[in-house]
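Working notes, beginning with the structure itself.
Just so it is clear, none of the values below were taken in a lab; they were calculated from the coordinates. Small disclaimer: the values here were computed from a predicted structure and weren't measured. Glycine gets a Cβ as well: all are built from the backbone with ideal geometry, and neighbour counts include every protein chain shown.
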Amino acid sequence: MRVVKVKNAVKRFMGATVLDGVSLEVDAGDRIAMMGPNGAGKTTLVRSILGFYHLDAGSICVEEHDPIRERVKVLASVSFIPQLPPPVKLTVTELLRFVERSTGTPVATVRSRAEEMALDLERHKHKPFFKLSGGMKQKLLIAIALARKSRLLIFDEPTASLDPKAREHFYRLLEAQGHEYAAIYITHRAEELEGLVNRHITMDLGRIVEDVRV
C-alpha cells in the first residue's frame with residue numbers, strides 16, 4: 001500500500017531552492033533512515049509531507065490525501081516528533097486529555113508507553129509540558145506517538161535528547177509495534193537504527209542522492 005507519494009517537489013525560501021525536484025514513494029512496511037548534512041532539505045521535505053509548507057511546484061499525497069487541502073485527514077494517520085519539542089503550556093495531565101479527545105488515544109495507553117520509556121507521568125502530572133527537561137519532553141512525545149498506532153511515523157532526530165538507556169527503551173518500543181506502518185527517521189545516527197530500518201535515503205542540496213534497500 002502506497003503511504004506517501006512525492007512527485008517533483010520544489011520548495012524555495014527567500015529565493016533559495018531547498019527542495020529541488022524531489023520524488024519519493026513510501027509504502028507500508030518501509031522503514032527509512034533519512035540522512036544528509038544540515039541544510040540538505042530533510043526537514044523541509046517531511047514538513048511538506050505534513051502540510052506545514054506549500055510547494056512551489058510538484059505534488060505530495062499521503063494515503064491519497066493532499067496535505068494542504070486535506071490536512072486533518074493526513075494528520076489523523078501520522079505521528080510526528082519534531083527535532084525541537086513545541087513550547088506547549090498545558091500541564092502533562094491536560095496534554096494527555098487533549099491527545100485522548102483529539103485522536104481517540106486512551107490516556108492509559110500513553111501512560112503505559114511512558115512507563116516503558118521509564119517516564120513517571122504521575123510524578124509530573126501537574127507540571128507544564130514546557131517546564132519538563134528535554135529528555136522528559138522527548139520521552140512523552142515518543143509515548144504519545146507510539147500509543148497512537150499511526151500508519152506513518154515521522155521522527156526528526158527522535159533520540160537527540162535521550163540518554164543511552166532511554167534510547168534502548170525507544171528502540172525496544174519500535175521493535176514491539178504490532179501494526180503495519182511506514183516510518184521516516186531523520187537521523188545522524190544511522191548505525192543506531194540498524195535492524196529497525198530497511199531503507200537508507202541520503203539527501204544533499206535539496207535532492208535525494210541515494211536511495212538503497214538494506
Inset, instruction - Compute the distance in nm between two label points, each set 7 Å from the Cα along the Cα-to-Cβ direction, one at Y171 and one at E25. - result: 3.2
Inset, instruction - Using label points projected 7 Å from each Cα along Cα→Cβ, tell me how many nm separate E115 and D204, to one decimal. - result: 4.8
Legend entry - Angle in degrees between helix 107-116 and the longest Cα principal axis of the chain, rounded to the nearest 10: 90
Legend entry - Positive dipole terminus of the stretch 2-213, leading residue within T159, A143, H126 (C-beta point charges): H126
Legend entry - Of the trypsin sites (Lys or Arg not before Pro) in the stretch 52-94, those whose Cβ has at most 12 other Cβ within 10 Å and which sit in DSSP loop: R69, K89
Inset, instruction - Take every Cα pair under 8 Å in the chain that's 6+ residues apart, average their separations, divide by the length, and report that relative contact order as a whole percent. - result: 30
Legend entry - the stretch 1-89, relative contact order in percent, only Cα pairs under 8 angstrom and at least six apart counted: 30
Legend entry - Cα-based shape type of the stretch 59-200, given that a ≥ b ≥ c are square roots of the gyration tensor eigenvalues and the cut on a/c is 1.5: oblate
Inset, instruction - Could you pull out the pairs from K89/K139; K73/K131; K131/K165; K5/K149; K7/K42; K5/K42 whose alpha carbons sit more than 24 Å apart here? - result: K73/K131
Inset, instruction - Report the FRET efficiency, 1/(1 + (r/R0)^6), for E100 and E64, where r is their Cβ-Cβ distance and R0 is 22 Å, rounded to 0.05. - result: 0.20
Legend entry - Relative contact order computed over the stretch 98-214 (Cα-Cα under 8 Å; 6+ residues apart), in percent: 21
Inset, instruction - Could you please state, rounded to a whole Å, how far the C-alpha centre of the stretch 26-41 is from the C-alpha centre of the stretch 82-161? - result: 23
Legend entry - Principal-axis tilt of helix 134-147 within the chain, Cα atoms, nearest 10 degrees: 80
Legend entry - Nearest-0.05 FRET efficiency for V107 and R71, computed from C-beta distance (R0 41 Å): 0.95
Legend entry - Inter-label distance for H126 and N38, nm, one decimal - labels placed 7 Å from Cα along Cα-to-Cβ: 4.0
Inset, instruction - Would you please give the FRET efficiency between N8 and E180, computed as 1/(1 + (r/R0)^6) with r the Cβ-Cβ distance and R0 = 22 Å, to the nearest 0.05? - result: 0.20
Inset, instruction - Can you work out the PRE-style zone for D56? Point 7 Å along Cα to Cβ, and I want the residues of the stretch 1-31 with backbone N under 13 Å. - result: 9-22
